Amino acid sequence: MDTSTVPDLNPSDLQIFILSGQSNMAGRGGVIRHHHNHKQWDGVVPPECRPDPSILRLNAHLRWEPAAEPLHADIDTGKVCGVGPGMSFANAVRKHVGGGTFGVVPCAVGGTAIKEWGRGEKLYEEMVKRAKECAKTKGNEIRALLWYQGESDTLAEQDAKDYRVNMENLIHNVREDLDLPSLSIIQVALASGDEKYIEMVRESQKSIDLPNVVCVDAKGLPLKEDNLHLTTEAQVQLGHMLADAYLSHFVAAP
C-alpha cells in the first residue's frame, strides 16, 4: 500500500487484535512461484478480506493506517506475503459487533520457532513493543492475541516435547508484560508440519488449559502445493473460525 498520501491517524477507542506467530499467520495465500524460484503475490483479495474504513493496521513504523492485504508486508520482510487470516477475522467481527473501530497489529514472522518468541528475544520484544504502543492512547483496548505458530517446532523431537511449556511461558509472559493478566488468547492447532512430530505439537496446543485461552483446529484446511501453507480460501475460512471463537468465548451476548 502507498501510504504517502494517507494522513497520520491517531485513533482512540480502538478494539485491538495482535496477530502473531509464523508464516501461516503472516499469510502466504495467493503467493505463487515463478521460474527461477521467484515468488509473487497474485493480488487476489476475496470479498471477506477487503478493506473497510473501520479497520486499521499498525505498520512497521508504529503508525496507524487503513488495513489492507497483505497485512504483514512490512513486518515479515524476508518473505513474500499474501493473504492471511487477519482481514477475514476483522471483517467478521466487525459485521457481528455492528460498530466500532478495529486495529490489527501484525507481528508474525515466517519460519520462526517458539523459542525465538521467548522473553528477551527480538521477536517477542518487538511484539510487546508494538502492543504497548497501541495501548498508549486513551480508550484503546487490546482485546485478544491471535497466535498461529508451531510448524518449525515439528522438525525435532525435543522442540516438539518442549512446545507446551514454551507456549504456556509465552502466554504468562505476554500477559505480565502487557499488564493484562486475563488477556484473551486464541491459538491455532497446526494444519501442517513435519509428519514425524506434528501430532506431538498439535496435542500440546490442544491440551493447554489456562483461563481465557482457546484453540481452533486448522487441520483439514486446504493447503497449497507446498503442503505447508494455507490457500487463500483456507485463510478466509480460518479468519472466520478465529472470529467465531472470539465472539463465542470472549464477547458477551447482547
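Just a few scattered comments:
- Only one of the numbered conditions (1) of a type outside the set (Gly, Ala, Ser); (2) open to solvent by less than 40 Å² (accessible area, probe 1.4 Å); (3) in contact (Cβ under 8 Å) with a residue 60 or more places away in the chain; (4) more than 23 Å from GLY120 (Cα to Cα) is violated by LEU190, and that is (3).
- Subset of the stretch 165-179 [more than 26 Å from ARG28 (Cβ to Cβ) and part of a helix (DSSP H, G or I)]: VAL165, GLU168, ASN169, HIS172, ASN173, ARG175, GLU176, ASP177
- One residue from SER54, SER20, SER12 being touching a Lys or Arg at 6+ places or on another chain (Cβ under 8 Å) and surrounded by 13 or more Cβ atoms within 10 Å (Cβ to Cβ): SER54
- Residues satisfying the stated conditions in the stretch 160-169, i.e. open to solvent by 40 Å² or more (accessible area, probe 1.4 Å) and of a type in the set (Ser, Thr, Tyr): none
- Matching residues, the stretch 216-234, being in contact (Cβ under 8 Å) with a residue 40 or more places away in the chain, under 14 Å from VAL188 (Cα atoms) and not in a strand (DSSP E or B): ALA218, HIS229, ALA234
- Residue ID - surrounded by the fewest Cβ atoms within 10 Å (Cβ to Cβ), chosen from residues in the stretch 197-209 that are more than 18 Å from MET25 (Cα to Cα) and in contact (Cβ under 8 Å) with a residue 40 or more places away in the chain: SER207
- Every condition in (1) touching a strand residue (DSSP E or B) at 6+ places or on another chain (Cβ under 8 Å); (2) small (Gly, Ala, Ser); (3) without any contact (Cβ under 8 Å) to a residue 12 or more places away in the chain holds for ALA131 except the one numbered (3).
- Residues in the stretch 209-254 that are at pLDDT 95 or above, among the β-branched types (Val, Ile, Thr) and farther than 17 Å from GLU151 by Cα: VAL213, VAL214, THR232, VAL236.
- ASN212 vs. criteria surrounded by fewer than 20 Cβ atoms within 10 Å (Cβ to Cβ) and either closer than 27 Å to PRO70 by Cα or among the β-branched types (Val, Ile, Thr) (or both): no
- Candidate set from the stretch 218-254 (those that are open to solvent by less than 40 Å² (accessible area, probe 1.4 Å) and among the hydroxyl-bearing types (Ser, Thr, Tyr)); member that is nearest to ALA68 (Cα to Cα): THR232
The values are calculated or read from the model by the stated rules, or taken from the named source; none is laboratory data. Quick caveat, the model's predicted, so the values are computed rather than measured. So basically every Cβ, Gly included, is an ideal-geometry build from the backbone, and we count neighbours across all protein chains shown. Only protein heavy atoms, including side chains, enter the accessible area calculation; ligands, DNA and RNA are left aside. Shrake-Rupley method; radii C 1.70, N 1.55, O 1.52, S 1.80 Å.
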